[in-house]
Amino acid sequence: MRYTHQRYFIQEHLQETVQDGGIGYVDGERILVREGFQPIHFPRHHDFSFTAKLVRLLFLLRCWWGLPRHSIIVFQYPLYAGMNKLLLSALRLRPSIRVICLLADINGLKQGDAGLLRREVHLFRRYHYFIVHNEAMRSWLLRQVPDAQTEITGFFDFLASPVQAPGRLSGEIAFAGNLYKSLFLEQLPQVVKAQPDLRFRVYGPHATAAMQNGPGIRYEGVFPPYEMPRLLQGSFGLVWDGDGIEGADGSMGQYMEFISHHKLSLYLVSGMPVLVYARAGSAALVQQYGLGIGISSLLEIGEKIGALTEADYQAMCRNVQEAGRKIAAGDCLREALTKLLARMQRVKA
């Protein structure tokens with residue numbers, strides 16, 4: 001590889017087969033390529049032989065030595081490959097090279113692991129430039145890294161074909177995701193019993209028996225991510241996680257307060273207004289752009305939907321279609337990246 005450009009990213013996902021939330025990482029790298037960033041991809045990625053490790057070490061040395069002064073390197077956090085982590089550590093010895101951390105997940109918060117979170121914060125303090133999900137994540141990061149320079153994407157981009165046909169108001173609700181993280185789904189029969197007009201369609205892998213069977217619940221199975229927008233059915237998409245139906249229970253429930261879910265982007269690209277936990281990191285965006293309804297408990301969904309008119313719902317659908325077009329075009333990351341690069345250019349000047 002010849003290093004003749006000024007902008008690069010550490011590639012870790014483009015070559016992988018993905019399902020569920022991993023599609024957000026892949027689309028992030030696709031957008032970086034589109035914006036003129038050159039991939040840094042270690043050879044023989046899945047080969048753990050001595051020879052392959054030696055080849056990767058030589059690649060790292062060439063990369064460290066060959067990257068031009070004042071280059072900009074973007075990486076998505078978390079990184080998993082050891083050589084990618086080692087390269088970032090080595091680049092600290094090249095102070096003219098600036099690094100942007102695209103913060104996709106914070107595993108210590110996600111898993112409720114205080115020790116892991118301390119290690120992550122220690123790592124974040126090595127960097128100065130960040131792209132984060134939303135204002136809640138930015139506020140959290142600035143408490144940990146007070147001098148961080150940040151831009152916000154708002155939503156994960158999802159490079160699928162957007163659905164532009166408006167839906168009709170009903171009590172039919174879709175939920176999509178990696179279902180092992182969403183144990184509240186096992187309590188949906190209680191939600192339906194209390195609100196008989198509701199019906200749930202559940203999509204995704206790792207469904208337990210309790211998630212697949214019950215009054216008012218239909219398990220739809222697993223589909224390729226980019227096909228999901230045209231297959232998803234319902235009047236609303238549910239943005240909720242954790243163990244309980246009446247609040248943010250468990251580490252995944254609490255993590256909602258800091259992130260913009262990829263499932264939120266899926267629903268919007270599907271043309272579907274959302275029901276979102278009122279304290280979720282994305283709730284302010286949903287309210288700001290008129291994309292759905294905030295809820296504090298799944299037991300209040302029926303009342304919230306019942307208060308809407310068909311005209312209210314169609315207005316939401318129009319807002320959702322506009323947001324979905326932006327997300328499907330990759331504009332969220334592109335705009336945040338453009339703003340951050342302009343700020344970095346002013347500092348350099």
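All of the numbers you see were taken from the coordinates with simple rules; none came from a lab. Predicted model, so just to flag it, every value in this text is computed and none were measured. Cβ: placed from backbone, ideal geometry, glycine included. Neighbour counts: every protein chain shown.
Summary table
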item	result
Residues R143, R56 arranged by fewest to most Cβ contacts within 10 Å	R143, R56
Segment W64-A329, length gained on full extension (0.36 nm per residue, minus Cα span)	92.1 nm
Flagged links, alpha-carbon separation over 29 Å, of K181/K304; K263/K339; K53/K339	K53/K339
Label-point separation, L57 to A311 (7 Å along Cα→Cβ), nm	7.2
Gyration tensor (alpha-carbon) shape descriptor, the range 244-349, a/c threshold 1.5	oblate
Inter-site label distance for R343 and E303 at 7 Å from Cα along Cβ, in nm	4.0
The range 234-292-the range 104-180 distance, computed between alpha-carbon centres (Å)	12
Qualifying aspartates and glutamates (Cα of each under 12 Å from Cα of K326; at least 8 residues distant if same chain)	D157, E335
Three-way shape call for the range 172-328 based on the alpha-carbon gyration tensor, with the a/c threshold at 1.5	rounded
R168/K193 FRET efficiency (R0 35 Å; Cβ-Cβ; nearest 0.05)	0.90
Normalised contact order of the chain, rounded percent, pairs of Cα under 8 Å and 6 or more residues apart	17
Shape of the range 139-187, Cα gyration tensor, a/c cut at 1.5	oblate
